[in-house]
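Enquirer: One structure, as structure tokens, below. Some questions next.
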Number of protein chains: 4
Amino acid sequence: MLVVMKIDATETNIKAVVDAAEKRGYVARPIPGGDRVSVGILHNNGSVDTSMFLGFADVKEVIAVTKPYKLVSREVKKENTLVRVGDNIFGDGSLPVIAGPCAIESMEQAIETAKAVKEAGAGLFRGGAFKPRTSPYSFQGLGEEGLKILAKVREETGLPVVTEIMDCENCEMVEEYTDVLQIGTRNMQNYSLLKRAGKSNKPVLLKRGMSATLQEWLMAAEYIMEEGNLNVILCERGIRTFVKHSRNTLDLSVVRAVKKESHLPVIVDPSHAAGVRDQVIPLALAATCVGADGLMIEVHYKPEEARSDGAQSLYPEQFKECISKVKTIHSLI
Amino acid sequence: MLVVMKIDATETNIKAVVDAAEKRGYVARPIPGGDRVSVGILHNNGSVDTSMFLGFADVKEVIAVTKPYKLVSREVKKENTLVRVGDNIFGDGSLPVIAGPCAIESMEQAIETAKAVKEAGAGLFRGGAFKPRTSPYSFQGLGEEGLKILAKVREETGLPVVTEIMDCENCEMVEEYTDVLQIGTRNMQNYSLLKRAGKSNKPVLLKRGMSATLQEWLMAAEYIMEEGNLNVILCERGIRTFVKHSRNTLDLSVVRAVKKESHLPVIVDPSHAAGVRDQVIPLALAATCVGADGLMIEVHYKPEEARSDGAQSLYPEQFKECISKVKTIHSLI
Amino acid sequence: MLVVMKIDATETNIKAVVDAAEKRGYVARPIPGGDRVSVGILHNNGSVDTSMFLGFADVKEVIAVTKPYKLVSREVKKENTLVRVGDNIFGDGSLPVIAGPCAIESMEQAIETAKAVKEAGAGLFRGGAFKPRTSPYSFQGLGEEGLKILAKVREETGLPVVTEIMDCENCEMVEEYTDVLQIGTRNMQNYSLLKRAGKSNKPVLLKRGMSATLQEWLMAAEYIMEEGNLNVILCERGIRTFVKHSRNTLDLSVVRAVKKESHLPVIVDPSHAAGVRDQVIPLALAATCVGADGLMIEVHYKPEEARSDGAQSLYPEQFKECISKVKTIHSLI
Amino acid sequence: MLVVMKIDATETNIKAVVDAAEKRGYVARPIPGGDRVSVGILHNNGSVDTSMFLGFADVKEVIAVTKPYKLVSREVKKENTLVRVGDNIFGDGSLPVIAGPCAIESMEQAIETAKAVKEAGAGLFRGGAFKPRTSPYSFQGLGEEGLKILAKVREETGLPVVTEIMDCENCEMVEEYTDVLQIGTRNMQNYSLLKRAGKSNKPVLLKRGMSATLQEWLMAAEYIMEEGNLNVILCERGIRTFVKHSRNTLDLSVVRAVKKESHLPVIVDPSHAAGVRDQVIPLALAATCVGADGLMIEVHYKPEEARSDGAQSLYPEQFKECISKVKTIHSLI
């Protein structure tokens, strides 16, 4: 951490910063610059509140130099983390695809969609049993019945399943049925849920928050890993910006940025970024090009009848085309 | 809802929209315009997925006309909702002030700070026992011990207390000790928590999410009210933008916008918007001017020793000055 | 335009909206809905100030239905506009690549870089002679000397050149030397410059503003076309968001959105979005996948000595790799 | 500037950074930290391209410590700059108010509005003769005729006038008529225009760009001052965010931030932030509370007939109420 003092900072105020840092057990080293003094705070191990010194007299700015994360950091662990789910490996350079409807609506819908995505080349099936919806009047998912359908899908198709947990209460029930626990965008900083997922022996798919910085997202993963669960898959799904022509703005730069900072695999969900069907395939291909470790794509056997996210769900034949193109592109980069 | 068709939309495709709407129980009425047809979907009662029609052939755009909320809407209930907590009333034109530290750190810290803020004119005391922190290595709060300190503060000072719930598990415990349940920014769309709070008989202070639209925020309140708890206080605390000179950007326009759309009281937290102490008083006054129904301000008896948010916490004497100015301004508008 | 009235709007106030619209020459048609009246304003030809009715009594919301642009609209002209520059065609499904340094620094730098990019497969050369820099103390470009170097580059390599105009004054001079006039991000809404470019017989490359909506960007193109110059190439280069891990956030969804709304070609500049070299190739490939009509990439023969944008400029050998991959991918989609 | 190296950076790569910095004339000083080396670059005088070192091997991050501005900086000049226009002083703690219509539409409109705002207490009159409009089909202003009307307004009322320049060409003409040159939001980074305004002997009112950071805004002022014109008034008018309930989001924190960084006066335009009339007065009061050095407010004698920005223009009687409240509040803080 670098505490930048004002040009005319007094000796007393510089000393106050040094003393406060040392009182908290850090090494503080004043660094005279061209026209001002900065105080370097060394050996901080990630838990310093960088805002602390902002309130001190004559302090102009406080700059975090060392990142606060540990377990997620590639500086701590150089090799990619590989997360295995059935025959799929996230992080080894392959490109597993998770596909399925937004929500599980019925046995027929789930099984038919699952068969179609499997045939097209998907490696995992997705579908929500508990749905976080903006409106309490929207369809909230089938609950445990949905989980049972997911289990049936796995039995019938052999595909591992991914489904969302919404709170600590239902986590245990969901764990019984699913292969991967998904934590949704709106819960990315639900720390109780992150800790609970950290105690699970199931891999966790952690979606990025709507306006989460890279650091906040990695810190959310740190919460899970700190509890002992090292199998975290990150998932970019678009961020909130001023833009109105897509549901969210897909931040493809973050894929490279994650890989520089962290050893965790990072996949991309083009469906939620797009919000409309006709952008999904282009964005899926784009995600493949930037080195995503996997894709998550919404597919519905009858999108126009879907109870949620119909507009962004691919038809099975479109998904087939999508996967085929994705595989071609992936083999070339 | 208005489904805007492309200029050259075919009769068949227009009819497909009409049919799908009617199949779902709505009234669909084609409205010929200057150069294109739009289809008005009437009598929708808030639960239509506006994105549904986006995927239909020849549809150019879908525009929501009726807002999806019911219970929170001022069109449904014209008079302001008044939320009473002890002697404080939120929503009646008065300006109750909630003050206290970010986190409860010790009995001394809590009691001393509480006495100071009471003397200065605060009507409620705040302090976190369970803290949602970006880093798992940051201070997470004292837990139940913190709640007991809060109870002691109330006993000693007579001030009602406000504290945060982080999950359904600890909600019951928190309810025993607190007067107002706070739901934090990061949990604004934690729907399980919202539903749980909706079953409580304690008022709920609902902070706006980091990048929540007005509609998403009101829908989160709708979740609470739908479960039966009508005592919801909204709290604006700054939104995430590209700006770096403050922790968040305080959106004061939202106060007026909330009041137009809803009958719920809305207060402002200038501390989290500012992130640094010297912006807190100006922003508190500004919030008073736009008609906030209350303020929430961080105060610490020794900010430089605070375990969190020290930089944005006022010194007791500053808070006294703040309240005094706020009251003067409030009496004039 | 749809003027949505409040639920309890009075007859008088509804009539006031109708009258005001008709006074201005529009057709106003009240549309009774489930619980409120909306007034449709028909035959508006793009020049209605949608905000006008917002100020009227009992008006809840005003919704623009018809887009305000004419000449840029695909509803007006269905076929893609093809912009030809030398042997390059933008908009016909091919993928011309514009490459070169941020700024022209010297004859050697320009010629060496131009030869390298030509050999690698670029179809046009770029380089700034007049540079809009955030700081007045940064290198501002070589001015006319830079333009002369560009002319020499064209003579030597046969590549058409693209360079930026910064104001109406220097436009004439730039026109003499360049093949394409570039209007930069910061000048996207410099309407005097847009109009001047609209009088030129050179194609215009119009970069998207830092926080421009799709509509604002298309309206800027409309300014150019309205003056008679129909050869406009749009260029997405990243938007400003809260994100800090890249210089800007590349909005790839906008490529598809432009193509739906407009017949103009749209290219992508991954270099300015990335801000750092190692993201450029992945983003260039991603742009290819979403259907960009061309790419603009910064290349410098010695990036570490560049006077601007060195960090995001590719080395010639990297550019060669980039083009080779881009062409492979492009041939497959 | 601090160049943060990767944990395992090689000696060679650290030396490459040091050498490159020294080659460019800086002092480079490696600073060993807890687990990594950073290189401090000293005596940089604002013109270093911080992105330069980003491209070097083993560099993790580059952090600007010294701000790049000089003339605008409060570290260079401690006392407030006072800008005098007629009897008004911006920057001395008083609160001059600039009021008038968006655009000059006719002699009657201008004179009637000017008389009304003068009577209410405004100190300057505003009105556009050249209007930057998003659409080429919107009213573009009366041009020189508008300027003549402005001159007449000054003659009749004694109020100094403020009007916008759109390009270098019309700057000379505008200078003849106006007392203050306004540079609009969309031209904040039109560097040719900034330089031209820097050569004028009229004060410049510089509006903040739609998504300009504090630093970019101050650098724009630096461009003007660098050319010799030290009379710059900054004007906050709302920034672009994801928010839809107001036209822009008024960033009141920036007022304090400007005052910390710079000696220039900063005023606030609540009208463009609001976009709708009923938010203007509250935001004007809020701006007064955060210490704005002036206000700019749109007023029209007949808002419902305004050719632009009618929805956000106050009626004369509302403006009177506004000024009266503003003055009361201002006298108390």
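Enquirer: Scan (1) open to solvent by 10 Å² or more (accessible area, probe 1.4 Å); (2) in a strand (DSSP E or B) for the single condition residue B:296 breaks and write down its number.
Expert: Result: residue B:296 passes all but (1).
Enquirer: Which condition number does residue C:316 fail, the rest of (1) under 16 Å from residue C:115 (Cα atoms); (2) touching a Leu at 6+ places or on another chain (Cβ under 6 Å) being met?
Expert: Result: residue C:316 fails condition (2) only.
Enquirer: For region A:66-91, what are the residues that are farther than 19 Å from residue A:229 by Cα, in contact (Cβ under 8 Å) with a residue 40 or more places away in the chain and charged (D, E, K, R)?
Expert: Result: A:67, single match.
Enquirer: Collect the residues in region C:16-39 that are touching a Pro at 6+ places or on another chain (Cβ under 9 Å) and either open to solvent by 70 Å² or more (accessible area, probe 1.4 Å) or hydrophobic (A, V, I, L, M, F, W, C) (or both), keeping them in residue-number order.
Expert: C:17, C:18, C:37, C:39
Enquirer: Restricting region A:95-126 to residues that are part of a strand (DSSP E or B) and of a type in the set (Gly, Ala, Ser), which is surrounded by the fewest Cβ atoms within 10 Å (Cβ to Cβ)?
Expert: Among residues in region A:95-126 that are part of a strand (DSSP E or B) and of a type in the set (Gly, Ala, Ser), the one surrounded by the fewest Cβ atoms within 10 Å (Cβ to Cβ) is A:103.
Enquirer: Please go through (1) of a type in the set (S, T, N, Q); (2) facing another protein chain (nearest Cβ under 10 Å); (3) closer than 18 Å to residue D:164 by Cα for residue D:106 and return the number of the only condition it doesn't satisfy.
Expert: Among (1) of a type in the set (S, T, N, Q); (2) facing another protein chain (nearest Cβ under 10 Å); (3) closer than 18 Å to residue D:164 by Cα, the lone unmet condition for residue D:106 is (2).
Enquirer: Residue check: is residue C:131 touching a Gly at 6+ places or on another chain (Cβ under 8 Å), part of a loop (DSSP other than H, G, I, E, B) and among the basic types (Lys, Arg)?
Expert: It is true that residue C:131 is touching a Gly at 6+ places or on another chain (Cβ under 8 Å), part of a loop (DSSP other than H, G, I, E, B) and among the basic types (Lys, Arg).
Enquirer: Continuing with the same structure: Just need a number here: residues in region D:183-199 that are open to solvent by 10 Å² or more (accessible area, probe 1.4 Å) and either under 19 Å from residue D:228 (Cβ atoms) or within 8 Å of chain C (Cβ to nearest Cβ) (or both).
Expert: 6
Enquirer: In region B:249-263, is there at least one residue being farther than 27 Å from residue A:193 by Cβ, in contact with a Gly (Cβ under 7 Å, 6 or more places away or on another chain) and in a strand (DSSP E or B)?
Expert: yes
Enquirer: Do any residues in region D:39-55 that are in the same structural domain as residue D:21 (by TED's automatic domain parsing) and assigned to a loop (DSSP other than H, G, I, E, B) have Cβ atoms under 6 Å from those of residues that are β-branched (Val, Ile, Thr) and at pLDDT 65 or above, where the two are at least six apart or on different chains, and which pairs are they?
Expert: D:43/D:27; D:50/D:62
Enquirer: Of the residues D:315, D:301, which is in contact (Cβ under 8 Å) with a residue 60 or more places away in the chain and in contact with a helix residue (DSSP H, G or I) (Cβ under 7 Å, 6 or more places away or on another chain)? Spell out the reasoning first.
Expert: Values: D:315 fails: in contact (Cβ under 8 Å) with a residue 60 or more places away in the chain.
That would be D:301, the only listed residue that is in contact (Cβ under 8 Å) with a residue 60 or more places away in the chain and in contact with a helix residue (DSSP H, G or I) (Cβ under 7 Å, 6 or more places away or on another chain).
Enquirer: Quick one: residue B:159 ticks every box in (1) over 19 Å from the mean Cα position of the chain (by Cα); (2) of a type outside the set (Asp, Glu); (3) open to solvent by 20 Å² or more (accessible area, probe 1.4 Å); (4) closer than 24 Å to residue B:270 by Cα except a single one, so which number is it?
Expert: Going through (1) over 19 Å from the mean Cα position of the chain (by Cα); (2) of a type outside the set (Asp, Glu); (3) open to solvent by 20 Å² or more (accessible area, probe 1.4 Å); (4) closer than 24 Å to residue B:270 by Cα one by one, residue B:159 breaks only (3).
Enquirer: Given (1) facing another protein chain (nearest Cβ under 7 Å); (2) of a type in the set (A, V, I, L, M); (3) open to solvent by less than 10 Å² (accessible area, probe 1.4 Å); (4) not in a helix (DSSP H, G or I), where does residue B:267 come up short, assuming only one miss?
Expert: (1)
Enquirer: Might you let me know whether region D:213-222 holds any residue that is among the small types (Gly, Ala, Ser), surrounded by 24 or more Cβ atoms within 10 Å (Cβ to Cβ) and touching a Lys or Arg at 6+ places or on another chain (Cβ under 8 Å)?
Expert: no
Enquirer: Find all pairs meeting these conditions: Cβ atoms under 9 angstrom apart; at least six residues apart or on different chains; first residue within region A:188-212 and of a type in the set (Phe, Trp, Tyr); second residue open to solvent by 10 Å² or more (accessible area, probe 1.4 Å) and part of a helix (DSSP H, G or I).
Expert: Going by the 9 Å Cβ cut-off, the qualifying pairs are A:191/B:186.
Enquirer: Would you confirm whether or not region D:237-245 contains a residue that is among the aromatic types (Phe, Trp, Tyr) and part of a loop (DSSP other than H, G, I, E, B)?
Expert: Yes: one or more hits.
Enquirer: Could you list all residues from region A:287-322 that are out of contact with any Asp or Glu (no Cβ under 9 Å at 6 or more places or on another chain) and either within 14 Å of chain C (Cβ to nearest Cβ) or at pLDDT below 95 (or both)?
Expert: Listed by number, the residues that qualify are A:288, A:289, A:290, A:291, A:304, A:321, A:322.
Enquirer: While we're looking at this one, here's another question. So if I check each of B:52, B:107, B:5, which one is among the aliphatic types (A, V, I, L, M) and more than 29 Å from residue A:102 (Cβ to Cβ)?
Expert: Step by step, each of B:52, B:107, B:5 is checked, and only B:107 is among the aliphatic types (A, V, I, L, M) and more than 29 Å from residue A:102 (Cβ to Cβ).
Enquirer: Moving on to the next point. For region C:60-94, how many residues are at pLDDT 90 or above, surrounded by 21 or more Cβ atoms within 10 Å (Cβ to Cβ) and not in a loop (DSSP other than H, G, I, E, B)?
Expert: Qualifying residue count, region C:60-94: 4.
Enquirer: Sort through B:98, B:149 and tell me the only one that's under 29 Å from residue A:190 (Cα atoms), among the aliphatic types (A, V, I, L, M) and under 19 Å from the mean Cα position of the chain (by Cα). Spell out the reasoning first.
Expert: Values: B:149 fails: under 19 Å from the mean Cα position of the chain (by Cα).
So the residue among B:98, B:149 that is under 29 Å from residue A:190 (Cα atoms), among the aliphatic types (A, V, I, L, M) and under 19 Å from the mean Cα position of the chain (by Cα) is B:98.
Enquirer: Next up: What tally of residues in region B:226-254 results from selecting those that are open to solvent by 10 Å² or more (accessible area, probe 1.4 Å) and touching a residue at least 60 places away in the same chain (Cβ under 8 Å)?
Expert: Number of matching residues: 4.
Enquirer: I've got another one for you. Which of (1) assigned to a helix (DSSP H, G or I); (2) facing another protein chain (nearest Cβ under 7 Å); (3) buried (at least 20 other Cβ atoms within 10 Å of the Cβ) is the odd one out, the single condition residue B:284 does not satisfy?
Expert: (2)
Enquirer: Then there is this: For region B:200-212, enumerate the residues that are facing another protein chain (nearest Cβ under 8 Å) and open to solvent by 20 Å² or more (accessible area, probe 1.4 Å).
Expert: Hit for region B:200-212 is B:210, nothing else.
The values are calculated or read from the model by the stated rules, or taken from the named source; none is laboratory data. Treat the numbers as computed from the prediction; the structure is a model and nothing was measured. Please note: Cβ atoms are built from the backbone with ideal geometry, for glycine as well, and neighbour counts cover all protein chains shown. Protein only, heavy atoms only, side chains kept; ligands, DNA and RNA dropped before computing areas. Shrake-Rupley method; radii C 1.70, N 1.55, O 1.52, S 1.80 Å.
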